[in-house]
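To keep things clear, I will list the structure first and then write my remarks on it.
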Amino acid sequence: MLLVVRLGGDESADGLDRDQWQRVIVEAVHWLGPIRVCFRGAAAHSPYLVPLVRFANRLECPTHLVTAGPLAPDLAMALVDAGLAAATVRIGSLDDRAHADRTGTPLSETLASLDHLRKAREDRGRPLALLAALCLASDTVGSLGAMAGLARQTGVDGVLASAPANVELPSGAGQAVAALGEHDTHPALLGGGGRSSRRSLGLRLEVLPDGTLRTSRRLAPLGQWAQDQLQALWEAGGSNVTDALDLDRPADEIERVPAVLYSTR
């Protein structure tokens, strides 16, 4: 099982507060044991990100941040100090406007975020997996190799192709990914392994900023989180849980790479 924490950035009275987010993680650990926690959404803008990374690591949950930034040098350092196990930085396009439209962040700030994370881990000597996720779309399929080259110049450990689960992959996607050479793209992105491979990924539980629980954006929500109700809502989810196993892509596989993570308290 994978726990996805989708932070909102500008936390409001309508969203979960820091204590409630911590309670969500606690309930997941009490139910399932230490679990991989992936931070998504506008996490780079959230005041809860660093405290939640630190909190999850204290519960021996490996942590993974998926973001396009911006991550200032002090934020990158704080994340490394808090024990972040992996960071995957999203590159939406080589075109500045297309990248900003997809990610909400200027390309220059995204590339700077990669550099800040790399320098922070070098300064601290901490084990942080640093990856770049390349958006696979009709307007980027011909430039995927150039996007990978740009990312590799920043010193990332690897690159992978990525696409939202609710969009159709463009023509030539397989060839473009194969042409990357060494890459960390999850095989399920291109349908590799078939149904049994998808089932082997296991399920995911995503919590939205307002506490909505879901297994996939392609299925109806499980309900609204309330204290001590996480497991109960999941178990009452019925087909909204089991149907996720039969989806070709319940979510972007970016959450599953790297395949192995460790808590580094």
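Residues of the range 1-33 that are closer than 20 Å to V80 by Cα and part of a loop (DSSP other than H, G, I, E, B): G9 alone.
Give the range 233-247 a look and list any residue that's farther than 11 Å from R218 by Cα and either loosely packed, with under 13 Cβ neighbours inside 10 Å or at pLDDT 90 or above (or both), or say none. Lay out the reasoning, then the answer.
Within the range 233-247, the subset farther than 11 Å from R218 by Cα is 233-239, 241-242, 245-246.
L233, W234, E235, A236, G237, G238, S239, V241, T242, D246, listed by residue number.
V167 falls short on exactly one of the conditions (1) among the aliphatic types (A, V, I, L, M); (2) loosely packed, with under 13 Cβ neighbours inside 10 Å; (3) modelled with pLDDT of 95 or more, and that condition is (3).
Restricting to the range 206-231, give me the number of residues that are of a type in the set (G, A, S) and under 13 Å from V24 (Cα atoms).
Let us first name the residues in the range 206-231 that are of a type in the set (G, A, S), namely 211, 216, 220, 223, 226.
In the following step, the residues that additionally are under 13 Å from V24 (Cα atoms) were identified as 211, 226.
Residues flagged as of a type in the set (G, A, S) and under 13 Å from V24 (Cα atoms) within the range 206-231 amount to 2.
Filtered by the rule that a residue be within 14 Å of G69 (Cα to Cα) and either small (G, A, S) or surrounded by fewer than 19 Cβ atoms within 10 Å (Cβ to Cβ) (or both), the range 131-150 gives A132, A133. Just one of the listed residues (V177, V156, V141) is part of a loop (DSSP other than H, G, I, E, B), of a type in the set (V, I, T) and more than 20 Å from A85 (Cβ to Cβ), and it is V141.
Residue count for the range 56-77 under the criterion of being surrounded by fewer than 23 Cβ atoms within 10 Å (Cβ to Cβ), of a type in the set (A, V, I, L, M, F, W, C) and assigned to a helix (DSSP H, G or I): the result is 2.
Name the one entry in V53, V80 that is surrounded by 23 or more Cβ atoms within 10 Å (Cβ to Cβ), without any contact (Cβ under 8 Å) to a residue 40 or more places away in the chain and not acidic (D, E). Reasoning before the result, please.
Numbers: V80 fails: without any contact (Cβ under 8 Å) to a residue 40 or more places away in the chain.
Criteria check complete, one pass: V53.
Where the second residue is of a type in the set (F, W, Y) and the first is within 12 Å of Y48 (Cα to Cα) and lies in the range 13-26, which pairs have Cβ atoms under 7 Å and are six or more apart or on separate chains? So the pair list comes out as R18/Y48; W21/Y48; Q22/F55.
This table checks each residue for (1) closer than 30 Å to A146 by Cβ; (2) out of contact with any Ser or Thr (no Cβ under 9 Å at 6 or more places or on another chain); (3) at pLDDT 95 or above.
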| residue | (1), (2), (3) |
| --- | --- |
| L3 | no, yes, yes |
| W21 | no, yes, yes |
| A42 | yes, no, no |
| V53 | no, no, yes |
| A56 | no, no, yes |
| A76 | yes, no, yes |
| A85 | yes, no, yes |
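The values are calculated or read from the model by the stated rules, or taken from the named source; none is laboratory data. Just so it is clear, the structure is predicted and the values come from calculations on it, not from any experiment. Glycine also receives a Cβ, built like all others from the backbone with ideal geometry; neighbour counts cover every protein chain displayed.
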